[in-house]
Amino acid sequence: MSIEVRHITKTFGDFTALKEVSLEIPTGELIALLGPSGSGKTTLLRVIAGLEVADPGSGAILFDGEDATSRSSRDRQVGFVFQHYALFRHMTIFENVAFGLRVRPRKVRPSESEIRERVSALLKLVQLDWLAARYPSQLSGGQRQRVALARALAVEPKVLLLDEPFGSLDAKVRKELRRWLRRLHDELHVTSVFVTHDQEEALEVADRVVVMNEGRVEQVGTPDQVYHHPANPFVYNFLGNVNLFNGRVEGGKVHIGDMAMELPEQMRPDAETAVVYVRPHLLEIDHQPTNTNHFRARVEHINPAGPLVKVELISEWGDPVQVEISQERYRDLRLKKDAEVFVTPKEKKIFVEKYSI
Amino acid sequence: MTYDLQWNILWTGENGRWLLEGIWTTIRLSALSWIFACGLGVLSGALRTAPFRPLRALATCYVEFFRNVPLLVWLFFWYFGAPQVLPRAGQDWLNLHGPEFWSAVVALSVYHGARMSEVIRAGIQSVPKTLFEASVATGLSVGQAYRLILIPIALRLIIPPATNESLNLLKNSSLALTIGVAELTFMTRQVETYTARAFEALTAGTLIYLVLCLTIASVMAQVERALRIPGLIARGVRSES
């Protein structure tokens, strides 16, 4: 089922959680709503689920082109997975999954044997059939979340909505479960929307990522598009660590220290200042000056633990700069604290306005 | 002067029968009132959390009205006041079936129902809100969500405070003697009056209340144990890993 969100606004008292948000989700896609706390991503998910009602007269939610704005969440046929699982703690795992089928009116309720069959199949799908007789509090967090997913899928939802589904799990389980969710989606193809504040999770799992900030959609695109072609500094900033360099604009070029960089053509030619954004792994360190654009810096701190060596520099104009280099390069350079180095940006993004988190 | 204890007065003559009758009346009075109080408590306690303002307001009015008037005043009201505005047929029925007893049942039920309501409300409100949302998203109606999810979980949580409230109800039933219900306290007073043996009679009354209350407490503890959800901590149960 496809979902269309049209000009939805939602306020809580004085606080505007969503400002005229519009979004289209085609059938069968796996979408991530990504943003910092308070960006409105969870509110948007809850409005789609019908757990939250958008401001009166503010727009519409369409399911398969049909207006579903006034439908109760019970009638929307969505499966919802909560961050803190929200399992029915007084029921066994089996009954939790079966429950949505059992409470149906007699006419549309499957027979007992059909229910057993379907629940067993779902528990196998989430690899928990051996725990069917246990109670939720006897399971680990990762297992509980898989039960929650099976419960949401049991009622054969047209849409699966997940609110920070891996948010309360530890890092390792989280990584396992998100790959598993991706595979599950490839198998079932049910339209799915999940909320996350973890950019890595969004980029790894989703078909398309919706980056949100302050109640607005900043950019919608494939993980590749939003990562490599960010629409604005917020998106670039949010999708990974980044260094900011403030520059003057003169003669179609941005000047920072001794460096001069071409201003992209689509930029405002009348701008006086521009901000250059460079990711830490796109800065190169050398002991000697290079022919190309570079600036001088002093090594402040080195952290060699991890796949990349993180080097903290103080630039010639006194700002801290984060650089990541490979272990190999680190050994070649024999980098020491307080060493004078030359830094070259390999790739950068230039924006006229500035954004900082 | 030494007081000569004569415990045998408790079972000589009519005294033993009186005490037994008193116990029976106390049990009947408390049990009936308890059932009504629980019914009123669950209903109004659930309504106080309902996602619909007029229902909440109605339940709040009930609770605040009935718990903020002394029980003694309620006993007098339901015994002396209320029957006078009943239609003729109602008054006749009451007079045939013992007006003291039924007035006491009503007074205890509405008063303890209001107090029980607060216990139930607290229980329901301590169930995470997402459980309600999960119920609705799973396809339950609001009524089903309350009946099948919220109340069953809340009732388990409130067994200890509800036990407390039940014991209070049993003990408060002694106030019914003021409107002439021949319950346990009434009967111990009667034994005392007839034998002039205050110490023995009142000691007997004290111990009987103690036994009744301990019995209730242990029954409730067993209910708590039987209904406990595996994997969660419950009183007196070692959790298996």
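Annotations
- If R0 is taken as 60 Å, the Cβ-Cβ distance between A:Asp55 and B:Ala221 corresponds to a FRET efficiency of 0.75.
- Put simply, chains A and B cover up around 2000 Å² of each other's accessible surface, both sides summed, when a 1.4 Å probe is used.
- 5 angstrom amide H check on A:Phe80, placed H, neighbours 5+ away: A:Leu161
- Comparing B:Val63, B:Val223, B:Val106 in a Gaussian network model of chain B (Cα springs below 10 Å), the most mobile by mean-square fluctuation is B:Val223.
- Relative contact order of the range B:92-241, taken over Cα pairs closer than 8 Å and 6 or more residues apart, is 21 percent.
- Extending 7 Å from Cα along the Cβ direction at A:Asp286 and again at A:Trp130 yields two label points whose distance is 5.8 nm.
- B:Asp4, A:Asp207, A:Asp258, ranked by accessible area, largest first (probe 1.4 Å): A:Asp258, B:Asp4, A:Asp207
- Sequence-ordered 3J(HN,Hα) estimates for the range A:180-185 from the Karplus curve with 6.51, -1.76 and 1.60 and θ = phi - 60° stand at 5, 4, 4, 5, 4, 5 Hz, glycine and proline given as x.
- A:Glu218 long-range amide H proximity, modeled H, under 5 Å: A:Val211, A:Met212, A:Asn213
- Nearest-10 value in Å² for the accessible area of A:Ser58, using the 1.4 Å probe: 20
- Summing +1 for each Lys or Arg and -1 for each Asp or Glu among the other residues whose beta-carbon sits under 12 angstrom from that of B:Gly139 gives +4.
- Relative contact order [Cα under 8 Å, 6+ residues apart], the range B:31-181, whole percent: 34
- The packing ranking of peptides A:7-13, A:126-132, A:153-159, highest mean first, is A:153-159, A:126-132, A:7-13, where packing means the average number of other beta carbon atoms within 10 angstrom of each residue.
- Exposure check, 1.4 Å probe, all protein chains in place: B:Ile35 carries approximately 100 Å² of accessible surface.
- Whole-Hz ³J(HN,Hα) from phi, Karplus 6.51 cos²θ - 1.76 cosθ + 1.60, for the range A:115-126, glycine and proline x: 4, 4, 4, 5, 5, 4, 4, 5, 5, 5, 4, 8
- Shielding by partners, peptide B:122-132 (average Cβ within 10 angstrom, other chains): 2
- Heavy atoms of A:Thr16 accessible to a 1.4 Å probe, total area in Å² rounded to 10: 50
- For the range B:91-217, size of Cβ-based charge dipole, Lys and Arg +1, Asp and Glu -1, in debye: 380
- At a probe radius of 1.4 angstrom, the accessible area of chain B per residue rounds to 53 square angstrom.
- Axis angle, to the nearest 10 degrees, between helix A:141-154 and the longest C-alpha principal axis of chain A: 60 degrees.
- Virtual paramagnetic centre 7 Å along Cα→Cβ of B:Leu207, amide N under 17 Å, in the range B:1-15: B:4-12, B:15
- One quarter of the surface of the convex hull around the alpha-carbon atoms of the range B:31-181 equals 9.8 nm², the direction-averaged projected area.
- Loop-resident sites, the range B:32-116, for chymotrypsin sites (Phe, Trp or Tyr not before Pro), counting at most 11 other Cβ within 10 Å (DSSP): B:Phe52
- Gaussian network model of chain B, Cα within-10 Å springs - most flexible of B:Leu47, B:Leu177, B:Leu227: B:Leu227
- Accessible area in the full protein assembly, largest first, 1.4 Å probe, for A:Arg298, B:Arg88, A:Arg116, B:Arg121: B:Arg88, A:Arg116, A:Arg298, B:Arg121
- Backbone HN-Hα couplings from phi across the range A:23-37 [Karplus 6.51/-1.76/1.60, Hz, Gly and Pro as x]: 7, 10, 10, x, 4, x, 7, 10, 10, 10, 9, 10, x, x, 4
- In percent, rounded to a whole number, the relative contact order of chain A is 16, using alpha-carbon pairs under 8 Å and six or more apart.
- Comparing A:Glu117, A:Glu24, A:Glu52 in a Gaussian network model of chain A (Cα springs below 10 Å), the most mobile by mean-square fluctuation is A:Glu117.
- Sequence of B:Cys213, B:Cys61 when ordered by accessible area, the most exposed leading, probe 1.4 angstrom: B:Cys61, B:Cys213
- Crossing angle, helix A:93-102 versus chain A [Cα axis fit, 0-90 degrees, rounded to tens]: 60
- Kirkwood Rh (inverse of mean 1/r, distinct Cα pairs), chain A, angstrom: 23.2
- Helix B:99-125 and the long axis of chain B differ in direction by around 30°, with both axes built from C-alpha atoms.
- Spacing of the modelled spin labels on B:Gln125 and A:Glu176, each 7 Å from Cα toward Cβ, amounts to 4.0 nm.
The values are calculated or read from the model by the stated rules, or taken from the named source; none is laboratory data. A quick note: this is a predicted structure, and the numbers were derived from the prediction, not measured. Note that each Cβ is placed from the backbone with ideal geometry, even for glycine, and that neighbours are counted across all protein chains shown. Please note that ligands, DNA and RNA were not included when accessible areas were found on the heavy atoms of the full protein model with its side chains. Shrake-Rupley method; radii C 1.70, N 1.55, O 1.52, S 1.80 Å.
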